[in-house]
Amino acid sequence: MHFTGTVYRNPYWPTWPLLEITQGCTHNRCKFCTMYKDVPFRMSPMEWIEEDLKELAECDPDARTIQLLSANPLALTFDRLEPILVMIHKYLPKIEYIYAATRVTDIKNKTVEELKKMKELGVREISLGVESGDDWTLDRINKGYHAADILEQCHKLDEAGIDYWMTFLNGVAGREHSRDHAVNSAKIFNRCKPMLVGTGGLTLFPGTPLLDEAGRGEFDPLTEKEMLEELKLFAENLTCDCSFITHHTISGVNLTGSHFLARKEKIVAALDREIKNGDLDRMAEIRRSKRTL
Ligand code: SF4
């Protein structure tokens, strides 16, 4: 198999088989991310993709799912993607679900008709690393799009019937803008139809511009308690009828699951308890020990 650099894949999807059809990230400029810092974006050569599919066909001919790599494989135009999707079915005829993480901007170069064809070819579920629905925050972290773009592209996915995840990056706006980040993100997410909302907490990794800014006093990171308060505010304002995942380690409570609205009160109450009684030092220790996203 051809894999370039470190392989990042969504752990909530079947983690095998994986197929690298692009390398790196087209954007590579988010201020909190170093995942593909040294990997320039390019499409994998079609020969590599075919060789990998032949290998997968030998070792897992009955595969029903496959996850496309790398950061944003759907950045490819429909004309480039279609032959790859057709080739997947040629070598793995039982494939039903093709998953991919991708950027909001990657949907822009596709029409709704093209998205519908992609769905027919198996692209049924994608994950959008949205991070925020607040324009100030999106500019602050150099995300490369605004709230209006999120709405426009997600509505195209709704029309095409492709399921999508939306992520909220807890803490990424810093202290001064935390409230707007939480409330405005929930407002934008509420106007979309995500099948799942996922929340992760910001960790300032070495090599990221945001860590440098924090060192110079230009970015004011949240404490663990403030992160939980921001997450609670986001959850209180979220009205999407979707599944909900959080990477926060809340002692004794599982906040992850389906039917967010039915569980919303319990989730908010659990966050509230954690804010008041949680082991915040332990949370900070866990975050300090993280080495990568
Ligand atoms: S967060 Fe995603 S879009 Fe941003 S630089 Fe990293 S991989 Fe690329």
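Just so you know, all these numbers are worked out from the coordinates, no wet-lab data involved. As the structure is a computational prediction, the values presented were derived from the model and not from experiment. Glycine also receives a Cβ, built like all others from the backbone with ideal geometry; neighbour counts cover every protein chain displayed.
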Worksheet item: Past the 32 Å Cα-Cα mark, which pairs from Lys54/Lys119; Lys90/Lys264; Lys119/Lys232; Lys37/Lys264; Lys232/Lys290; Lys116/Lys290?
Response: Lys90/Lys264; Lys119/Lys232; Lys37/Lys264; Lys116/Lys290
Item to complete: Would you kindly derive the ³J(HN,Hα) couplings of region 156-169 from the backbone phi angles with the Karplus curve 6.51 cos²θ - 1.76 cosθ + 1.60 (θ = phi - 60°), listing them in order in whole Hz, with x for Gly and Pro?
Response: 5, 5, 4, 5, 7, x, 8, 6, 9, 9, 10, 9, 10, 9
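Which three semi-axes in whole Å describe the equivalent ellipsoid of the chain, each the square root of 5 times a Cα gyration tensor eigenvalue, listed largest first?
Details: eigenvalues 216, 86, 70 Å².
In descending order, the three semi-axes are 33, 21, 19 Å.
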Worksheet entry | Rg over Rh, two decimals, region 68-196 (C-alpha only, Kirkwood Rh) | 1.02
Discussion item. Tell me the angle of helix 260-277 to the major Cα principal axis of the chain, expressed in degrees between 0 and 90 and rounded to the nearest ten.
Written reply: 50
Item to complete: Taking amide H positions as placed in the peptide plane 1.01 Å from N, state which residues far from Thr199 in sequence (5 or more) or on other chains have amide H under 5 Å from it.
Response: Phe168, Ile245, Thr246, His247
Item to complete: Run down the aspartates and glutamates and flag those whose C-alpha is under 17 Å from the C-alpha of Lys110, throwing out any fewer than 8 positions away in its chain.
Response: Asp79, Glu82, Glu120, Glu125, Asp149, Glu152, Asp158, Glu159, Asp163
Item to complete: Could you work out how far helix 280-289 tilts from the main Cα principal axis of the chain, as a 0 to 90 degree angle to the nearest 10?
Response: 40
Discussion item. Angle check, please: helix 46-59 long axis (alpha carbons) against the longest principal axis of the chain (alpha carbons), in degrees 0 to 90, nearest 10.
Written reply: 90
Worksheet item: Non-local amide H neighbours of Arg124 (under 5 Å, H modeled in plane, Pro and chain starts lacking H): which ones?
Response: Ile98
Item to complete: For Gly129, list long-range residues whose amide hydrogen, built 1.01 Å from N in the peptide plane, is under 5 Å from its own amide hydrogen.
Response: Thr102, Val104
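Suppose we flag GluC sites (Glu not before Pro) only when DSSP calls them loop and at most 14 other Cβ atoms lie within 10 Å. Which is the longest uninterrupted stretch of the chain? Display every interim value, and only then the final one.
Working: sites that count: Glu96, Glu176, Glu218.
In short, 1-95.
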